Amino acid sequence: MRTTDRMAKMLIFCVDSEHAADTRQAMANANADIGRQHADYVVRIVADEHERGRAMLERFQDEESSLPVVVTTARLLTTGVDIPTLHTVVLFRPIRSMVEFKQIIGRGSRLAPDFDKHTFEIIDFTGATVLFEDPEFDGPADVEVEDVIDDRGQVVDEAEMREPEPAGDEDRDEDAADVVVPPNARKLYVDDSDVYLTDRVTDRLHLVEYRDYVAQVVRRLFPTPAGLRRRWREAPTRAEVAEELRQRGVDLDELSERARLPDADAFDVLVHVAWNEPVLTRAERARRVRRDHGEFFRGFQPEAREVLDLLLERYAEHGVDDLADLRALELEPVNELGGVVEIARRFGNSDRLHRAVAALQRMLYAA
């Protein structure tokens with residue numbers, strides 16, 4: 001604005017009302033010299049502004065009114081608002097809906113030649129303008145101008161004009177939709193830190209970026225695979241590990257899906273991503289237990305060994321979680337042997353059953 005026209009109207013789309021308030025304050029601080037002359041140079045217009053907000057909106061829409069100049073908002077001004085003299089649209093929140101993107105861009109696309117408004121600019125902080133390349137829009141731009149800027153936003157390299165490369169179908173997100181915030185979701189405030197996003201928060205990261213992030217998290221928590229294995233062998237500490245990862249944005253089911261390793265144990269997926277270790281499937285781990293721990297199985301009566309075999313089958317198919325709390329005893333194929341009480345009798349009592357299942361889990365991760 002300082003290098004163009006500080007009185008050219010600008011509309012900034014923020015994440016929510018609070019973000020719009022913070023952004024309004026930041027813009028007011030950055031333009032304090034004009035703010036001392038014009039109290040309404042920067043304003044926030046959101047749903048809960050009521051009468052004052054409506055009054056400010058009418059002034060912002062008025063072609064003859066010079067104030068306010070900078071307006072921050074969330075969703076209130078995405079549709080049904082005509083601002084002919086708007087010169088700049090700022091995208092300061094993720095937008096994944098083509099419909100909403102068109103509506104937001106439409107706020108600035110009307111020309112007003114009587115007021116010397118023949119073009120408008122989009123400043124995109126979130127990558128939303130990639131939607132211009134979607135065939136559902138008007139096709140790719142005829143010409144793109146690319147500037148290189150420094151940390152202060154100053155141009156450090158001359159503009160390069162080029163024809164845009166056509167976007168391939170593989171770059172499209174067929175299921176793109178606006179972000180849905182679950183009820184009672186936590187709002188995170190981040191300052192002077194590296195931020196890593198997953199698709200549950202904003203936009204989907206490329207697989208390589210997500211893997212790099214997971215690898216950093218795992219190695220930070222566990223410097224070696226052996227350290228992770230020690231905590232993974234026991235059900236209580238395994239649950240703690242899963243929770244520590246979840247708090248850092250790593251969901252084990254999602255990681256297996258994105259790494260395309262649905263048949264692997266979550267432990268093997270983690271060590272593969274973090275240390276590039278070979279991946280074992282759950283079926284291979286179950287076979288190893290039977291092969292390397294024959295003496296353990298021979299220590300039980302045949303009817304008890306049958307239960308352990310079926311538990312390994314259940315693990316190979318569905319994973320270790322059912323073994324941790326013995327839910328597997330109530331699920332196929334183990335429940336075909338009877339109820340929990342009947343199954344416990346095969347081991348003598350429930351304590352021996354619990355000890356046997358705990359030992360089985362430790363053997364699964366012995367190597």
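The values are calculated or read from the model by the stated rules, or taken from the named source; none is laboratory data. None of the values given here were measured: they were computed from a predicted structure. Backbone-built Cβ (ideal geometry, glycine too); neighbour counts: all protein chains shown. Only protein heavy atoms, including side chains, enter the accessible area calculation; ligands, DNA and RNA are left aside. Shrake-Rupley method; radii C 1.70, N 1.55, O 1.52, S 1.80 Å.
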Output the number of residues of the stretch 107-161 satisfying the condition of being modelled with pLDDT of 80 or more and β-branched (Val, Ile, Thr). 5
Is one or more of the residues making up the stretch 311-320 of a type in the set (Ser, Thr, Tyr) and over 14 Å from Tyr365 (Cα atoms)? no
Taking the stretch 1-10 as the search range and keeping residues that are hydrophobic (A, V, I, L, M, F, W, C), at pLDDT 90 or above and in contact with a helix residue (DSSP H, G or I) (Cβ under 9 Å, 6 or more places away or on another chain), which one is surrounded by the fewest Cβ atoms within 10 Å (Cβ to Cβ)? Met7
Within the stretch 11-26, does at least one residue satisfy the condition of being among the aromatic types (Phe, Trp, Tyr), under 16 Å from Val89 (Cβ atoms) and surrounded by 13 or more Cβ atoms within 10 Å (Cβ to Cβ)? yes
State whether the residues of the stretch 41-50 include one that is among the acidic types (Asp, Glu), surrounded by 17 or more Cβ atoms within 10 Å (Cβ to Cβ), modelled with pLDDT under 85 and in a loop (DSSP other than H, G, I, E, B). no
Where residues in the stretch 85-106 are part of a loop (DSSP other than H, G, I, E, B) and at pLDDT below 85, which of them is surrounded by the most Cβ atoms within 10 Å (Cβ to Cβ)? Ile95
Residue list for the stretch 107-125, restricted to those being in contact (Cβ under 8 Å) with a residue 40 or more places away in the chain, hydrophobic (A, V, I, L, M, F, W, C) and either open to solvent by 60 Å² or more (accessible area, probe 1.4 Å) or within 25 Å of Ala21 (Cβ to Cβ) (or both): Phe115
Are any residues in the stretch 214-224 at pLDDT 90 or above and either under 27 Å from Leu326 (Cα atoms) or not in a helix (DSSP H, G or I) (or both), and if so, which ones? Phe222, Thr224
I need the full set of residues from the stretch 225-252 which are open to solvent by 60 Å² or more (accessible area, probe 1.4 Å) and without any contact (Cβ under 8 Å) to a residue 24 or more places away in the chain, in order please. Arg230, Arg231, Pro236, Glu240, Glu243, Arg246, Gln247
Does the stretch 259-275 contain any residue that is more than 21 Å from Tyr210 (Cβ to Cβ) and open to solvent by less than 20 Å² (accessible area, probe 1.4 Å)? no
Being touching a helix residue (DSSP H, G or I) at 6+ places or on another chain (Cβ under 8 Å) and either acidic (Asp, Glu) or assigned to a helix (DSSP H, G or I) (or both) is the filter here, so list the residues in the stretch 254-267 that pass it. Leu255, Ser256, Arg258, Asp263, Asp265, Ala266, Phe267
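Scan the stretch 53-64 residue by residue and report those that are open to solvent by 90 Å² or more (accessible area, probe 1.4 Å) and either among the acidic types (Asp, Glu) or farther than 24 Å from His87 by Cβ (or both).
Glu58, Glu64
Can you spot a residue in the stretch 277-296 that is touching a helix residue (DSSP H, G or I) at 6+ places or on another chain (Cβ under 9 Å), hydroxyl-bearing (Ser, Thr, Tyr), open to solvent by 20 Å² or more (accessible area, probe 1.4 Å) and within 26 Å of Arg219 (Cα to Cα)?
The answer is yes, given that some residue of the stretch 277-296 is touching a helix residue (DSSP H, G or I) at 6+ places or on another chain (Cβ under 9 Å), hydroxyl-bearing (Ser, Thr, Tyr), open to solvent by 20 Å² or more (accessible area, probe 1.4 Å) and within 26 Å of Arg219 (Cα to Cα).
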Can you find a residue in the stretch 336-352 that is polar (S, T, N, Q), part of a loop (DSSP other than H, G, I, E, B) and loosely packed, with under 15 Cβ neighbours inside 10 Å? yes
